[in-house]
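Here's the structure, in structure tokens; my notes come after.
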Amino acid sequence: MPSGGTGASKGIDDMEKSLRRLLAKRNCLFCRLQNIYGAAKDVFSDENSKEKFLAGSQTLEILRNDFNKITDQIIDIELQINPDAEPNFQCLNSFDELYSYWSIMLCPRDNRSRVTV
């Protein structure tokens, strides 16, 4: 029988692996949002950026929900590993800042219609 450490240390190891996986996935989601944000900045001057922005905007609500859910899972695991840890939701502020820029670009403002291709 292979030795995998004590039950408690194996549990911590499994949680740390899950934590690393979730952190990588959250970083990937944030990078996707940054790419959409980058395209949004050039949406009126570059046709390729406009298409990237509009294509990316189709999944932004899902992206936001996934990001929030993964952040909650990360914090839950961090608190299981270290109950004295202080939850940090700063990444949600950063995400929402970029997300808000996206929503301004898509929503009508001052009687202007949505960005269209």
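PHE53 - would you say it is loosely packed, with under 13 Cβ neighbours inside 10 Å and at pLDDT below 85?
It is false that PHE53 is loosely packed, with under 13 Cβ neighbours inside 10 Å and at pLDDT below 85.
It is to be established whether one or more residues within the stretch 12-23 are at pLDDT below 90 and either assigned to a helix (DSSP H, G or I) or buried (at least 16 other Cβ atoms within 10 Å of the Cβ) (or both).
Yes, the stretch 12-23 contains at least one residue that is at pLDDT below 90 and either assigned to a helix (DSSP H, G or I) or buried (at least 16 other Cβ atoms within 10 Å of the Cβ) (or both).
Scan the stretch 73-94 and report the pairs whose first residue is within 18 Å of ARG21 (Cβ to Cβ) and whose second residue is loosely packed, with under 10 Cβ neighbours inside 10 Å and of a type in the set (A, V, I, L, M, F, W, C), with Cβ atoms within less than 9 Å and a gap of 6+ or a chain change.
none
Of everything in the stretch 73-109, what is within 17 Å of ALA24 (Cα to Cα) and surrounded by 10 or more Cβ atoms within 10 Å (Cβ to Cβ)? Give them in sequence order.
Matches in the stretch 73-109: GLN73, ILE74, ILE75, ASP76, ILE77, GLU78, ASN88, PHE89, CYS91, LEU92, SER94, PHE95.
Kindly list the number of the only condition in (1) free of Cβ contacts under 8 Å to residues at least 40 places away in the same chain; (2) of a type outside the set (Asp, Glu); (3) assigned to a helix (DSSP H, G or I); (4) farther than 25 Å from SER18 by Cβ that fails for SER45.
(3)
Please enumerate the residues belonging to the stretch 9-57 that are of a type in the set (Gly, Ala, Ser) and closer than 20 Å to THR71 by Cα.
Within the stretch 9-57, SER18, ALA24 qualify.
From (1) surrounded by fewer than 18 Cβ atoms within 10 Å (Cβ to Cβ); (2) assigned to a helix (DSSP H, G or I), pick out the condition that doesn't hold for ILE70.
(1)
The values are calculated or read from the model by the stated rules, or taken from the named source; none is laboratory data. Worth saying up front: this structure is predicted, and the values here are computed from it rather than measured. Please note: Cβ atoms are built from the backbone with ideal geometry, for glycine as well, and neighbour counts cover all protein chains shown.
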